[in-house]
Amino acid sequence: MSNQNIWVFFELSGGLPKRVCLEMMQKAKALTEGTSEQAVALIIDPEPEKAAKAAFEHGADQVLIVRQKFFFESAAYILEKLAEKYGPKIVMIGATTEGRDLAAAASARLHAGIASECTDVVVTGSGVFWIRPSYDGRLNTNISIEAYPMIGTFKPGIFRLQEPAPGRSGRLTEEEVEVPAGVLLTTLLGFTPDDELTKANIEDAEIIVAGGRGVGSAEGFGQLYELAAVLGGSVGASRAAVDEGWIGKDYQIGITGKTVAPKLYIGFGISGALPHVNGMKESDIIVAVNTDPNAPFFDIANYGIVADLNVICPALTKKIKEMKE
């Protein structure tokens, strides 16, 4: 029997929730406004205090905590047992590497329907509709799942992250779930960070300097890296630049890449094809630099510069360096 609450699974890194969790938490709270339903965060971690605080500040009415290390197999088991106890209506999970594994395992354990890589979820009197893009974002597909609970995954940057409410609190519930030895099949032997992947963690970046086909070459991206460095931001790219081999797939922004929503997005030599735009249109401020005044990217930009990026980019870098001196 569902209690109609909406759950958000919190994935942590260094004790803090990943941005996508906070985005989903705020969405869950928005979905429950004006109803008797509650937005609930589920945190599985030995030290969940910081994450619980962040969950409350981003809209959680209740936080469920289980003090255990996270492995997707054990997390799926815990989610199954808690869902049997509380009967949530919806479970939202980030479409991260670990989140995808968890969502699939939880779907199997709960015999629950799953909608993957969604761009929105709408709750109406007639049911819940999961929205995901089709045909490179040119069409949307509405997915309806009949039974509760139902699971949906969302990529980072899909929902605009609003400012938190400092000091906000709610109901904290600590649960104990004993995981049978046969459930956990994974053993973590160690962790070696990948510096290149760390640089490509553009989903959490507040400033992104992105390049498209107009950059012209892999060497051309060098000046974008310089500008991003002085701004304290990250570099991204359109699919066209990735397909040319000028930059790695991990930097690709768009429906077929990563979804981002930074405070500042500067696009150099990007035409503005719909699949790319759908992956960054929630950015707070968008600046477009292109020699083609008719480039579609100017239609969504807050500021547009019709000029050669090879002139504008170095000039911006130089000016910002001067301002910092």
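Annotations
- When Ile270, Ile266, Ile255 are screened for being open to solvent by 10 Å² or more (accessible area, probe 1.4 Å), of a type in the set (Val, Ile, Thr) and modelled with pLDDT of 95 or more, only Ile266 passes.
- Only listed residue being within 25 Å of Ala60 (Cα to Cα), open to solvent by 50 Å² or more (accessible area, probe 1.4 Å) and of a type in the set (A, V, I, L, M), chosen from Val128, Val177, Val122: Val122
- Residues that are touching a helix residue (DSSP H, G or I) at 6+ places or on another chain (Cβ under 8 Å) and either open to solvent by less than 30 Å² (accessible area, probe 1.4 Å) or part of a strand (DSSP E or B) (or both), drawn from the stretch 131-150: Gly137, Pro149
- The stretch 278-300, subset under 24 Å from Cys118 (Cβ atoms) and at pLDDT 95 or above, residue surrounded by the most Cβ atoms within 10 Å (Cβ to Cβ): Ile286
- Filtered residues of the stretch 213-232 (kept if without any contact (Cβ under 8 Å) to a residue 24 or more places away in the chain and open to solvent by 50 Å² or more (accessible area, probe 1.4 Å)): Glu219, Tyr225, Ala229
- Residues in the stretch 210-252 that are part of a helix (DSSP H, G or I) and β-branched (Val, Ile, Thr): Val215, Val230, Val242.
- Figure legend. Inter-residue proximity from the stretch 41-59: first residues closer than 17 Å to Ser74 by Cβ, second residues part of a strand (DSSP E or B), beta-carbon distance below 6 Å, spacing 6+ or different chains. Indicated pairs: Leu42/Trp7; Leu42/Phe9; Leu42/Leu64; Ile43/Phe10; Ile43/Ile65; Ile44/Val66; Asp45/Leu12; Pro48/Ile65.
- Selection from the stretch 278-299 of residues that are part of a loop (DSSP other than H, G, I, E, B) and closer than 17 Å to Ile207 by Cα: Gly279, Met280, Lys281, Glu282, Ser283, Asp284
- One residue from Gln38, Gln62 being at negative phi and open to solvent by 20 Å² or more (accessible area, probe 1.4 Å): Gln38
- Lone unmet requirement of (1) among the small types (Gly, Ala, Ser); (2) within 14 Å of Ile208 (Cα to Cα); (3) touching a Phe, Trp or Tyr at 6+ places or on another chain (Cβ under 7 Å) for Gly272: (2)
- Residue, farthest from Ala108 (Cα to Cα), within the stretch 120-147, restricted to residues that are in contact with a strand residue (DSSP E or B) (Cβ under 8 Å, 6 or more places away or on another chain) and among the aromatic types (Phe, Trp, Tyr): Phe129
- Qualifying residue in the stretch 44-54 (condition: part of a strand (DSSP E or B) and within 22 Å of the chain's Cα centre (by Cα)): yes
- Residue in the stretch 135-149 that is in contact with an Asp or Glu (Cβ under 7 Å, 6 or more places away or on another chain) and under 28 Å from Gly257 (Cα atoms) present: no
- Considering residues of the stretch 301-325 that are closer than 30 Å to Phe154 by Cα and of a type outside the set (S, T, N, Q) only, the residue least open to solvent (accessible area, probe 1.4 Å): Ala301
- In the stretch 151-174, residue surrounded by the fewest Cβ atoms within 10 Å (Cβ to Cβ) [restricted to those that are basic (Lys, Arg) and in a loop (DSSP other than H, G, I, E, B)]: Arg160
- Ile255 vs. criteria touching a residue at least 24 places away in the same chain (Cβ under 8 Å), assigned to a loop (DSSP other than H, G, I, E, B) and touching a Gly at 6+ places or on another chain (Cβ under 7 Å): yes
- Lys29 satisfies every condition listed in (1) touching a strand residue (DSSP E or B) at 6+ places or on another chain (Cβ under 6 Å); (2) open to solvent by less than 20 Å² (accessible area, probe 1.4 Å) except (2).
- Exclusive hit being at pLDDT 95 or above and in contact with a Phe, Trp or Tyr (Cβ under 6 Å, 6 or more places away or on another chain), set Ala210, Ala241, Ala200, Ala237: Ala237
The values are calculated or read from the model by the stated rules, or taken from the named source; none is laboratory data. Since the model is a prediction, treat every value here as computed from it, not as a measurement. With ideal geometry, Cβ positions are generated from the backbone for all residues, glycine too; neighbour counts draw on all protein chains shown. Ligands, DNA and RNA are stripped out before the accessible areas are found, and what is left, the full protein with its side chains, is counted by its heavy atoms. Shrake-Rupley method; radii C 1.70, N 1.55, O 1.52, S 1.80 Å.
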